[in-house]
Amino acid sequence: MKLKFTALAFACGLFTAASAQQVSTITQNEVTRIVSTLSDDDMQGRASFTPGIEKAAKFIQAEFQRIGLQPLPGEDDHLQTFSVYRISPDEKEAKLNGKKIKPESMFAITEKEEVEWKHKGKQKVVTIGENDDFRAVLRELNNSTEDVLVLVHPKHEEIFSRYQHYMGRGSVKQQLVEEGSKVFILTDQLQAKKYKLEVENKIEQLQLTNVGGMIEGKRKDEFVVFSGHYDHIGVQPAVEGDSIANGADDDAAGTTAMMLLADYYKKQPQPERTLLFVAFTAEEMGGFGSKYFSEQLNPDQIVAMFNIEMVGKPSKFGPNSAYLTGFERSNLGPLMQKRLEGTTYSIHPDPYPEQNLFYRSDNATLARLGVPAHTISSVQIDQDKTYHTVHDELSQLNMEHLTNMIRAIALASEGVVNGEDTPTRVDKTQVR
């Protein structure tokens, strides 16, 4: 037994040394080149529907072509383009019991281009009185398919104004559902004996684009996904003359990791499983890119998803460490930990469960379909001061840490890629 153990340990040592030598081809110079390009001012913060994100998409596409990736299944090239609808509030006016309502005292939740109501008993009227719970009523109304006029007591002015401001920014929808409009009016008149109102929206059909590539494995119908979102929040109000939210850590860092993993695995022998590398669009607007991507594949054929987000800064666990969101929902985390034994790298359960990070990135869409889909991150989210600000810049990143994170993911994913490890599925009934 002693001889067998020694031989096994020796063999594992050789394997670890060989693997370490392979991942050393992931260089800090190349990491810096890619992440600095994606987070440059030229990209204008990579907001959806802007020239900046189109420029970023072309850069990622060119890198995938250089690496030699095939297009994603069913695609002709590396751009996976789809349409969404942007709804922008345009005009609104109302009279209630003969009294004109100020525009700032009303808002609508509707996907229709025009709503025009006159008091003929067709709309349901709901009152949110002085002692009612505004949010509770709103949640109930969200499940209703009826047209509803909602009269809100002035006591709720503060929360009403917050919702009014939020709805005024407009929304993006993958599909339009033209039923169940809700119009809210802030008023001390809590009866609607007579009313007339009109709401107009500007509705545009716009395009969004994921950038994706594939390394076909020996098992063509078993997919392993590596991903990161390449969009950010664009141009913001200026702070000390700087108005570009560069998104270096969020998520140029994760997108860079995904791209270099594509380069790394392309240089290895053909993998057992087919590898998909995707830069998702519109994560910041609600995950439209990952949702569309998930609809193009059979989720039962996706073995695992390694989503990578905000890995440019050291974690609370020390150098060369990261954490996995939703750690307890599958055994992907323990499988990764086992692959990292004997290395300087480590992966840990998410230390910020109160932040709901599992649901705040592109892994959530596939996890809801049962895929062992998790996000690898290292940001100390409870302390990070640059998140969603103009200060999320290249200078804030630790390049050595970022490089080591990419090497760690390469080692940790090896068992899943080569077919030796198959993580347990996520229980769809336990994912909201």
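The values are calculated or read from the model by the stated rules, or taken from the named source; none is laboratory data. In this text, all values refer to a predicted model and were calculated from it rather than measured experimentally. Because the Cβ atoms are built from the backbone with ideal geometry, glycine has one as well, and the counts that use them run over all protein chains shown. Quick note on the areas: whole protein, heavy atoms, side chains included, nothing else; ligands and nucleic acids left out. Shrake-Rupley method; radii C 1.70, N 1.55, O 1.52, S 1.80 Å.
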*Index of the failed condition, VAL172 passing every other in (1) within 20 Å of LEU197 (Cβ to Cβ); (2) aliphatic (A, V, I, L, M); (3) in contact with a strand residue (DSSP E or B) (Cβ under 6 Å, 6 or more places away or on another chain)*: (1)
*Please work out which one of (1) farther than 30 Å from ASP221 by Cβ; (2) at pLDDT 95 or above is the condition THR16 fails and give its number.*
(2)
_Cβ-Cβ under 8 Å, sequence separation 6+ or interchain: first residue in segment 407-423 and within 10 Å of VAL303 (Cα to Cα) and open to solvent by 20 Å² or more (accessible area, probe 1.4 Å), partner aliphatic (A, V, I, L, M) and not in a helix (DSSP H, G or I). Which pairs?_
THR422/VAL303
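Select from segment 153-171 the residues that are part of a helix (DSSP H, G or I) and among the polar types (S, T, N, Q) and write down the one among them that is most open to solvent (accessible area, probe 1.4 Å). I'd like the intermediate steps shown before the answer.
Going through segment 153-171, the residues part of a helix (DSSP H, G or I) turn out to be 154-168.
Among the residues that remain, those that are also among the polar types (S, T, N, Q) are: 161, 164.
On the way: SER161: 55, GLN164: 36 Å².
Checked segment 153-171; the qualifying residue most open to solvent (accessible area, probe 1.4 Å) is SER161.
Kindly establish whether LYS173 is of a type in the set (Lys, Arg) and closer than 27 Å to GLY287 by Cβ.
On the way: of a type in the set (Lys, Arg): yes; closer than 27 Å to GLY287 by Cβ: yes.
Spelling it out, LYS173 is indeed of a type in the set (Lys, Arg) and closer than 27 Å to GLY287 by Cβ.
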*Tell me, which strands (runs of 3 or more DSSP E) wholly within segment 40-123 include 1 or more residues that are surrounded by 13 or more Cβ atoms within 10 Å (Cβ to Cβ) and in contact with a helix residue (DSSP H, G or I) (Cβ under 7 Å, 6 or more places away or on another chain)?*
79-96, 106-109
_Within segment 385-422, tally of residues that are hydroxyl-bearing (Ser, Thr, Tyr), over 20 Å from the mean Cα position of the chain (by Cα) and within 27 Å of PRO372 (Cα to Cα)_ = 3
*Does segment 172-201 hold any residues that are surrounded by 18 or more Cβ atoms within 10 Å (Cβ to Cβ), part of a strand (DSSP E or B) and of a type outside the set (A, V, I, L, M), and which are they?*
LYS182, PHE184, TYR195, ASN201
*Is at least one residue of segment 131-144 of a type in the set (D, E, K, R), under 30 Å from SER48 (Cβ atoms) and open to solvent by less than 50 Å² (accessible area, probe 1.4 Å)?*
no
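Condition test on LEU369, is it more than 30 Å from SER171 (Cα to Cα), in contact with a strand residue (DSSP E or B) (Cβ under 9 Å, 6 or more places away or on another chain) and in contact (Cβ under 8 Å) with a residue 40 or more places away in the chain? Break it down stepwise before answering.
Working: more than 30 Å from SER171 (Cα to Cα): no; in contact with a strand residue (DSSP E or B) (Cβ under 9 Å, 6 or more places away or on another chain): yes; in contact (Cβ under 8 Å) with a residue 40 or more places away in the chain: yes.
In short, no.
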_Which count do you get for residues in segment 202-225 that are surrounded by fewer than 23 Cβ atoms within 10 Å (Cβ to Cβ) and either at positive phi or out of contact with any Lys or Arg (no Cβ under 7 Å at 6 or more places or on another chain) (or both)?_
9
*Please work out if VAL35 is open to solvent by less than 20 Å² (accessible area, probe 1.4 Å), more than 20 Å from the chain's Cα centre (by Cα), under 22 Å from MET399 (Cβ atoms) and of a type outside the set (Gly, Ala, Ser).*
no
*With respect to HIS119, is the statement that it is of a type outside the set (Ser, Thr, Tyr) and either at pLDDT 95 or above or within 30 Å of GLU284 (Cα to Cα) (or both) true?*
no
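Which helices (runs of 4 or more DSSP H) does segment 283-399 wholly contain that include 3 or more residues that are open to solvent by 10 Å² or more (accessible area, probe 1.4 Å)?
Values: elements: 288-295, 332-339, 363-367.
It comes to 288-295, 332-339.
Of the residues GLU114, GLU146, which is within 21 Å of ALA94 (Cα to Cα), touching a residue at least 40 places away in the same chain (Cβ under 8 Å) and out of contact with any Pro (no Cβ under 7 Å at 6 or more places or on another chain)? Show your work before the answer.
Values: GLU146 fails: touching a residue at least 40 places away in the same chain (Cβ under 8 Å).
Within the list GLU114, GLU146, the selection yields GLU114.
In contact with a Ser or Thr (Cβ under 9 Å, 6 or more places away or on another chain), in contact (Cβ under 8 Å) with a residue 40 or more places away in the chain and among the aliphatic types (A, V, I, L, M): does that describe LEU357?
Working: in contact with a Ser or Thr (Cβ under 9 Å, 6 or more places away or on another chain): yes; in contact (Cβ under 8 Å) with a residue 40 or more places away in the chain: no; among the aliphatic types (A, V, I, L, M): yes.
Spelling it out, it is not the case that LEU357 is in contact with a Ser or Thr (Cβ under 9 Å, 6 or more places away or on another chain), in contact (Cβ under 8 Å) with a residue 40 or more places away in the chain and among the aliphatic types (A, V, I, L, M).
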*Among residues belonging to segment 253-282 that are part of a strand (DSSP E or B) and either under 9 Å from GLY228 (Cα atoms) or polar (S, T, N, Q) (or both), point out the one that is nearest to the chain's Cα centre (by Cα).*
PHE280
